[in-house]
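Step one of this worksheet: look at the structure below.
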Amino acid sequence: IGIEAKAQRSFALLGDNIFQISNHLQVEMAGQIVTKMEETSTIKVLQNSFTPINYSITQTGLMEDSLTIDYDWEKRLATAINSEKISNINLKLNTFDQLSHQVALQDNISKEKTQLSFNVIDKDKIIEYKYRISGKEKIITPLGEFKSTKVERIYKEDSRQKTLFWLASDLNGILLRMSQTTSSGINIMLEIQGGTLNGTPIEASN
């Protein structure tokens with residue numbers, strides 16, 4: 001099934017080593033909006049260590065859902081609230097949410113670290129997300145040609161899901177392209193259309 005998706009992502013400093021990552025996604029089918037998603041994660045960054053503070057996601061459209069997560073690292077406890085229940089989750093070291101773990105992954109890859117598995121809060125439990133680097137590729141986008149690192153998420157062998165993404169090798173691991181097949185067989189492709197890095201427009205390498 002082919003659908004069109006538009007997304008915006010930002011990574012902004014709020015102050016005192018606190019950053020906020022935001023995702024805005026709109027999915028259309030046959031010209032009609034079927035899903036809108038607003039997602040944010042606030043994290044503290046110290047000495048290349050990423051500590052999530054809170055997370056929220058709201059989805060509207062054909063399917064409606066919401067989730068908020070508040071982290072209490074002193075008590076090693078996270079409180080997850082969705083439309084159905086409130087869950088208390090015992091935190092492991094290096095536990096992230098859906099959004100903040102992507103930032104940690106991009107940082108690890110850009111610094112050639114080998115740690116590509118993360119504890120991620122998925123609704124009311126912690127799941128290990130694993131990735132592998134599939135290689136280096138030059139890809140052509142609407143902004144031109146970029147050097148990239150191709151990354152694949154590792155799922156169970158019998159899973160229909162597939163996620164591939166390409167991170168810019170020369171631009172701090174900025175997401176250039178993502179291809180995803182959901183468990184229901186829906187295919188989504190996202191590709192960079194524009195953006196800025198530290199106030200400078202993102203441009204292809206010469």
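The values are calculated or read from the model by the stated rules, or taken from the named source; none is laboratory data. Nothing here was measured: the structure is a model prediction, and the numbers come from that model. For the accessible areas, the whole protein counts, side chains as well, though only heavy atoms, and no ligand, DNA or RNA atoms are used. Shrake-Rupley method; radii C 1.70, N 1.55, O 1.52, S 1.80 Å.
At 1.4 Å probe size, what's the solvent-accessible area of Arg9? Round to the nearest 10 Å².
100 Å²
Leaving out ligands, DNA and RNA, what percent of the accessible area of the chain is carbon and sulfur, probe 1.4 Å?
47 percent
Once you have the Cα-Cα distance between Leu14 and Ser205, take 0.36 nm times their residue separation minus that, and quote the gain in nm to one decimal.
Value of the extension gain: 65.8 nm.
What number, in percent, do you get for the relative contact order of the chain if the mean sequence gap of Cα pairs under 8 Å and at least 6 apart is divided by its residue count?
13 percent
Taking Lys111 as the anchor, which lysines have their alpha carbon closer than 23 Å to its alpha carbon, excluding any fewer than eight residues away along the same chain?
Once the sequence-local lysines are set aside, what remains near Lys111 is Lys44, Lys130, Lys136, Lys138, Lys147, Lys150.
Using a Gaussian network for the chain with springs between C-alpha atoms less than 10 Å apart, which of these wobbles most: Lys138, Lys75, Lys92?
Per the Cα network of the chain with a 10 Å cutoff, Lys75 tops the list.
Springs between alpha-carbon atoms under 10 Å, Gaussian network over the chain: tell me which of Val34, Val103, Val151 tops the mean-square fluctuations.
Looking only at Val34, Val103, Val151, the biggest GNM fluctuation is shown by Val34.
Rg/Rh for the chain to two decimals, with Rh computed the Kirkwood way over all alpha-carbon pairs.
In the chain, Rg relative to Rh is 0.95.
So which lysines pass the test for Lys6, namely a Cα distance under 20 Å, with those fewer than 8 places away in the same chain ruled out?
Lys36, Lys162
Skip the ligands, DNA and RNA, and give the accessible area per residue of segment 161-206 with a 1.4 Å probe, whole Å².
Heavy-atom SASA per residue in segment 161-206 reads 57 Å².
Treating cross-link reach as a plain straight distance, find the aspartates and glutamates whose alpha-carbon is under 17 Å from the alpha-carbon of Lys156, omitting any fewer than eight places away in the same chain.
Here the aspartates and glutamates satisfying the reach criterion relative to Lys156 are Asp122, Glu128.
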